[in-house]
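S.K.: Structure in structure tokens, see below.
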Amino acid sequence: MSVRDPSLPAHAAVTPSLRAALRAVVSHRGVQVAVALWIIGYVVVLWLARGSLPFDRPAVAQLPFAVQMAAPTVGLIEIFALMVLAFLLTRKRVIPDMAARAPDRRVARRETVVVLAYAALGQVGGWILGPALGYRPFSFHIAGALFGCTVTPGPAEVWIWALYNFAVFAVAPYFYFRRRYTSTELNLRSTNRRNDTLLILIVLVIESAFELSVFDKGILRLDTNQVLLGAPLSFAVFFIGTVLPTMVLIYAILLPRYLKLTGSAISAVLLGGLTYAAMHIVEGWSAFDSPRDTALSVIFVLLTYFGPGMIKSVLTLRTGNAWVHALGYHAIAPHVIVDTPLMVKIFHIA
């Protein structure tokens with residue numbers, strides 16, 4: 001980052017810093033590899049799909065194939081805009097040194113490997129538990145989230161999914177690491193509440209507007225009683241089932257260690273995005289009936305969730321506060337904005 005020349009007006013400080021940051025991003029080897037893999041992923045999907053996708057996504061199933069294909073990239077462009085906005089809104093604050101919050105490299109490496117292995121086992125446990133109870137495999141989203149599904153889950157499935165994720169990916173990791181690290185070292189305490197609040201509100205408003213423009217506007221068709229009951233219920237269910245597990249596992253524990261091990265904020269953002277996508281690898285809309293369907297499902301999960309995982313990383317790195325992404329870009333947008341109609345349907349709210 002460049003240092004502002006005192007002789008320049010205040011607004012002139014933004015351009016050199018932002019320009020230097022964008023130059024660093026574009027020249028980063030990891031970003032170049034990610035761009036190449038993104039293009040390769042699209043080529044493979046086009047080759048395998050032959051004009052149709054096998055996913056159970058009623059909310060977008062009627063859209064033209066080209067629109068469904070373009071959606072992840074359109075979302076990524078909006079996420080890049082939010083990243084720039086986050087940079088500008090935090091440019092005058094002291095950016096917390098998250099690497100200093102992690103232990104030394106040897107311990108950080110060991111903890112990272114252990115947490116990733118634990119997360120993988122937790123995912124496998126969800127894939128086993130769900131079908132064992134007569135439900136679909138559990139992932140970081142309940143079936144029907146964001147895109148709908150042909151067979152709507154029942155209330156019992158929703159609560160078992162939420163409590164499983166909460167216990168395995170939030171409660172257990174939190175108490176294990178909280179005995180060894182402070183709330184600040186786990187990115188759970190704000191160092192600048194005013195700026196954090198501003199960032200949450202601005203990101204939330206922009207992301208909500210974006211989602212209402214691209215997703216089905218089902219929440220606007222609900223009556224007052226359904227919104228008053230369904231919105232808090234949607235917030236609670238997803239806060240327990242995916243927001244807290246995501247926040248604790250990835251952005252409180254893993255992200256500082258990624259930064260410590262790589263020495264690069266850009267690399268940490270990429271790893272945060274990849275980890276977030278990996279935790280959704282078996283979605284309710286995925287299809288595993290054939291090698292073709294499996295490949296398409298895995299690739300589309302990565303295309304869909306890599307970007308959201310990166311913006312959560314950026315918001316956390318710029319503030320040192322994992323609550324910023326949880327409240328600004330997760331709990332309300334998308335899960336209240338998009339998924340309230342799903343909760344109204346599941347819990348028969350009239």
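S.K.: Please go through region 199-225 and give me each residue that is in a helix (DSSP H, G or I), over 20 Å from the mean Cα position of the chain (by Cα) and surrounded by fewer than 19 Cβ atoms within 10 Å (Cβ to Cβ), ordered by number. Write out each step before concluding.
M.R.: Pass one, region 199-225, residues in a helix (DSSP H, G or I): 199-214, 218-221, 224-225.
Then drop every residue that is not over 20 Å from the mean Cα position of the chain (by Cα), which leaves 218-221, 224-225.
Correct list: Gly218, Leu220, Arg221, Thr224, Asn225.
S.K.: Which one of the conditions (1) more than 22 Å from Ala102 (Cα to Cα); (2) acidic (Asp, Glu); (3) at pLDDT 95 or above does Asp196 fail to meet, given that it meets all the rest?
M.R.: With (1) more than 22 Å from Ala102 (Cα to Cα); (2) acidic (Asp, Glu); (3) at pLDDT 95 or above applied to Asp196, the lone miss is (1).
S.K.: Does any residue of region 133-142 turn out to be in a helix (DSSP H, G or I), β-branched (Val, Ile, Thr) and closer than 30 Å to Thr197 by Cβ?
M.R.: The answer is no, given that none of the residues of region 133-142 is in a helix (DSSP H, G or I), β-branched (Val, Ile, Thr) and closer than 30 Å to Thr197 by Cβ.
S.K.: When the residues of region 301-350 are filtered to those that are of a type in the set (Ser, Thr, Tyr) and closer than 25 Å to Gly284 by Cβ, which remaining residue is surrounded by the fewest Cβ atoms within 10 Å (Cβ to Cβ)?
M.R.: So in region 301-350, the residues of a type in the set (Ser, Thr, Tyr) come out as 304-305, 313, 316, 319, 329, 340.
Filter once more, keeping what is closer than 25 Å to Gly284 by Cβ: 304-305, 313, 329, 340.
Working: Thr304: 19, Tyr305: 24, Ser313: 29, Tyr329: 25, Thr340: 23.
It comes out as Thr304.
S.K.: Let me ask you something else. Hey, can you tell me all the residues within region 86-106 that are over 22 Å from Tyr258 (Cα atoms) and in a loop (DSSP other than H, G, I, E, B)?
M.R.: Arg91, Lys92, Arg93
S.K.: Got a number for residues in region 149-172 being touching a Gly at 6+ places or on another chain (Cβ under 9 Å) and buried (at least 16 other Cβ atoms within 10 Å of the Cβ)?
M.R.: Count: 12.
S.K.: Hey, among the residues in region 275-300 that are among the β-branched types (Val, Ile, Thr) and surrounded by 20 or more Cβ atoms within 10 Å (Cβ to Cβ), which one's modelled with the lowest pLDDT?
M.R.: In this case the residue turns out to be Val282.
S.K.: Moving on. For the structure I just gave you, tell me whether Leu244 is assigned to a helix (DSSP H, G or I), in contact (Cβ under 8 Å) with a residue 40 or more places away in the chain, within 20 Å of Gly307 (Cα to Cα) and within 20 Å of the chain's Cα centre (by Cα).
M.R.: The answer is yes for Leu244.
S.K.: Would you check if Val3 is modelled with pLDDT of 90 or more and more than 15 Å from Ile299 (Cβ to Cβ)?
M.R.: Spelling it out, it is not the case that Val3 is modelled with pLDDT of 90 or more and more than 15 Å from Ile299 (Cβ to Cβ).
S.K.: What are the residues in region 58-85 that are part of a loop (DSSP other than H, G, I, E, B) and either among the hydrophobic types (A, V, I, L, M, F, W, C) or in contact with a helix residue (DSSP H, G or I) (Cβ under 8 Å, 6 or more places away or on another chain) (or both), if any?
M.R.: Passing the criteria: only Leu63.
S.K.: Give Leu8, Leu22, Leu18, Leu53 a once-over and let me know the one that is surrounded by 16 or more Cβ atoms within 10 Å (Cβ to Cβ) and at pLDDT below 95.
M.R.: Among Leu8, Leu22, Leu18, Leu53, only Leu18 is surrounded by 16 or more Cβ atoms within 10 Å (Cβ to Cβ) and at pLDDT below 95.
S.K.: Let me ask something else. What pairs come up if the first residue lies in region 173-195 and is surrounded by fewer than 19 Cβ atoms within 10 Å (Cβ to Cβ), the second is small (Gly, Ala, Ser) and modelled with pLDDT of 95 or more, and their beta carbons are under 7 Å apart, counting only those six or more places apart or on different chains?
M.R.: Arg189/Ser183; Thr191/Gly320
The values are calculated or read from the model by the stated rules, or taken from the named source; none is laboratory data. Values in this document were obtained by computation on a predicted structure and should not be read as measured data. As a convention, Cβ positions derive from the backbone with ideal geometry for all residues, glycine included, and neighbour counts pool all protein chains shown.
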